[in-house]
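Colleague: Please find one structure pasted underneath; my questions will follow.
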Amino acid sequence: MPTIPALLQAGPTYSLEFYPPRNEKGDRQLARTLDHLMPLEPSFVSVTYGAGGTSRERTEEIVHDIRSRFGAQVLPHLTCIGHTKAEIEALLRTYEADGVTDLLALHGDPPADGRVLPEGDFRYAVELVEFVRELTEFSIGVAAHTEGHPLATSREADRDHQAAKLKVADFAMCQFFFEARHYIDFMEDMAARGVTTPVIPGVIPVTNPAQTRRMVEMAGGTFPTELGARLEGAETPAEGRAIGVEHAANLARELLDAGAPGIHFYPMNRWMATTDLYDALGLVETV
Ligand SMILES: Cc1cc2nc3c(=O)[nH]c(=O)nc-3n(C[C@H](O)[C@H](O)[C@H](O)COP(=O)(O)OP(=O)(O)OC[C@H]3O[C@@H](n4cnc5c(N)ncnc54)[C@H](O)[C@@H]3O)c2cc1C
């Protein structure tokens, strides 16, 4: 199966992100979603990882399940916060044995429930990239924060740290955002720092504006007031979904026109808006 850098070279890629559900109802929802979305033949799918290892087994299990059931290219996320080098090495060996070829190397955020994680052996994601590079042949992706990371001391320092990390990675992926100019500005700033690594922008067809706004703001991004008002003014779920899909389709087109090497979609473990979005973008004939 081609690695993600190889897919990007042949691009554009259209990929999907899933997260490990927290209960049985969520498991059933994800299973139904995979049955609807995997026939769309995404270029690859990614599976998130609970910082500190909170979803470790679930992430491994879902990665294995999607690879074996659908024969798809799967990108596991891996965070280093609170982990020792020995723990990370054990995880890398498990993925290697399972035939995984690509990894998204992240720092991770402290748990939202206030739990304190052990200190761990890694300070920044770039150290995880270096560690994975030394031990394995994985192609390595990293996180890119188009609107800046919330903990950065200044925009310039943040851009410098991100550029240094992107330079040692094979590709980068963004959290979802809502205006193409954030990506265009970011790419200009990276190019000025000598970065040539492909950066895949993130697009979400919003169906739950309150939840999306919370997530975007926590990640240091902005949710446009006008889009929020249109979504909140929708009279039926179908009307709201159509607004979210229209915005996402327009944004995806703008990003591809601006030179993005692909689009990473965030279905939030649901399928309807993403099938509508694939349809709106002409990525399938019938869905
Ligand atoms: C596409 C994507 C997927 C994600 N998936 C997950 C997931 O599955 N699980 C999860 O828990 N989280 C996930 N996250 C969230 C991510 O873990 C957080 O955004 C985290 O706060 C930062 O991770 P990072 O890898 O960018 O960290 P880093 O690159 O380490 O950056 C973290 C902070 O440190 C600063 N910094 C970096 N290097 C230096 C340096 N040398 N000196 C001083 N400061 C420095 C940066 O400017 C930034 O403020 C994801 C984010 C993205 C964009």
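Colleague: Over 18 Å from the mean Cα position of the chain (by Cα), within 10 Å of the ligand (Cβ to nearest atom) and under 26 Å from A252 (Cβ atoms), is that true of R159? Give the steps one after another, and end with the answer.
Modeller: Working: over 18 Å from the mean Cα position of the chain (by Cα): yes; within 10 Å of the ligand (Cβ to nearest atom): yes; under 26 Å from A252 (Cβ atoms): yes.
It is true that R159 is over 18 Å from the mean Cα position of the chain (by Cα), within 10 Å of the ligand (Cβ to nearest atom) and under 26 Å from A252 (Cβ atoms).
Colleague: Now for a separate question. Kindly establish whether A229 is under 21 Å from the mean Cα position of the chain (by Cα) and either open to solvent by 10 Å² or more (accessible area, probe 1.4 Å) or at pLDDT 95 or above (or both).
Modeller: Numbers: under 21 Å from the mean Cα position of the chain (by Cα): no; either open to solvent by 10 Å² or more (accessible area, probe 1.4 Å) or at pLDDT 95 or above (or both): yes.
Taking the combined requirement at face value, the residue does not satisfy it.
Colleague: I've got another one for you. Considering the stretch 232-241 alone, what residues qualify as being within 22 Å of Y278 (Cα to Cα) and over 23 Å from the mean Cα position of the chain (by Cα)?
Modeller: First pass over the stretch 232-241, keeping only residues within 22 Å of Y278 (Cα to Cα): 234, 236-241.
Once the filter is applied, which keeps residues that are within 22 Å of Y278 (Cα to Cα) and over 23 Å from the mean Cα position of the chain (by Cα), the stretch 232-241 yields A234, T236, P237, A238, E239, G240.
Colleague: Please determine whether any residue of the stretch 19-32 is among the aromatic types (F, W, Y), open to solvent by less than 20 Å² (accessible area, probe 1.4 Å) and in contact (Cβ under 8 Å) with a residue 40 or more places away in the chain.
Modeller: No, the stretch 19-32 contains no residue that is among the aromatic types (F, W, Y), open to solvent by less than 20 Å² (accessible area, probe 1.4 Å) and in contact (Cβ under 8 Å) with a residue 40 or more places away in the chain.
Colleague: Here's something else I'd like to know. Name the single residue that is most open to solvent (accessible area, probe 1.4 Å) among those in the stretch 56-91 being in contact (Cβ under 8 Å) with a residue 24 or more places away in the chain and of a type in the set (S, T, N, Q).
Modeller: T84
Colleague: Now for a separate question. Any residue in the stretch 180-193 that is within 16 Å of the ligand (Cβ to nearest atom), of a type in the set (V, I, T) and under 23 Å from L151 (Cα atoms)?
Modeller: Pass one, the stretch 180-193, residues within 16 Å of the ligand (Cβ to nearest atom): 182-183, 186-187, 189-190, 193.
After this cut, where a residue has to be of a type in the set (V, I, T) as well, the list is none.
Checked the stretch 180-193: no residue is within 16 Å of the ligand (Cβ to nearest atom), of a type in the set (V, I, T) and under 23 Å from L151 (Cα atoms).
Colleague: A follow-up question, please. For the stretch 9-18, enumerate the residues that are surrounded by fewer than 21 Cβ atoms within 10 Å (Cβ to Cβ) and out of contact with any Leu (no Cβ under 7 Å at 6 or more places or on another chain).
Modeller: Matches in the stretch 9-18: Q9, A10, G11.
Colleague: I want to confirm something. Restricting to the stretch 95-150 and keeping residues that are closer than 17 Å to Y49 by Cβ and of a type in the set (D, E, K, R), which single residue is surrounded by the fewest Cβ atoms within 10 Å (Cβ to Cβ)?
Modeller: The extreme case among them is D113.
Colleague: Taking the stretch 177-192 only, how many residues are touching a residue at least 12 places away in the same chain (Cβ under 8 Å) and open to solvent by 50 Å² or more (accessible area, probe 1.4 Å)?
Modeller: Of the residues in the stretch 177-192, the ones touching a residue at least 12 places away in the same chain (Cβ under 8 Å) are 177-180, 182-187, 189-190.
Applying the additional criterion that residues be open to solvent by 50 Å² or more (accessible area, probe 1.4 Å) yields 179, 184-185, 187.
Result for the stretch 177-192: 4.
Colleague: What number of residues within the stretch 174-185 satisfy the criterion of being in contact with a strand residue (DSSP E or B) (Cβ under 7 Å, 6 or more places away or on another chain) and among the hydrophobic types (A, V, I, L, M, F, W, C)?
Modeller: The initial filter retains those residues of the stretch 174-185 that are in contact with a strand residue (DSSP E or B) (Cβ under 7 Å, 6 or more places away or on another chain), namely 174-177, 183.
Filter again for among the hydrophobic types (A, V, I, L, M, F, W, C), leaving 174, 176-177.
Of the residues in that region, 3 qualify.
Colleague: Pairs please, first residue from the stretch 141-154 and on the phi > 0 side of the Ramachandran plot, second anywhere and part of a loop (DSSP other than H, G, I, E, B) and open to solvent by 10 Å² or more (accessible area, probe 1.4 Å), Cβ atoms under 6 Å, 6+ apart in sequence or on different chains.
Modeller: G148/G220
Colleague: When both residues are 6+ apart or on different chains and their Cβ atoms are under 6 Å apart, which pairs have a first residue that lies in the stretch 36-48 and is within 13 Å of the ligand (Cβ to nearest atom), and a second that is open to solvent by 20 Å² or more (accessible area, probe 1.4 Å)?
Modeller: Every condition considered, the pairs that remain are S46/E17; T48/Y19.
Colleague: Okay, moving on. So in the stretch 194-218, with the set limited to residues that are within 12 Å of the ligand (Cβ to nearest atom) and open to solvent by 50 Å² or more (accessible area, probe 1.4 Å), which one is nearest to L256 (Cα to Cα)?
Modeller: M215
The values are calculated or read from the model by the stated rules, or taken from the named source; none is laboratory data. Everything numeric here is computed off the predicted structure, so don't read it as measured data. Glycine also receives a Cβ, built like all others from the backbone with ideal geometry; neighbour counts cover every protein chain displayed. Areas reflect the complete protein model, heavy atoms only, side chains present, ligands, DNA and RNA absent. Shrake-Rupley method; radii C 1.70, N 1.55, O 1.52, S 1.80 Å.
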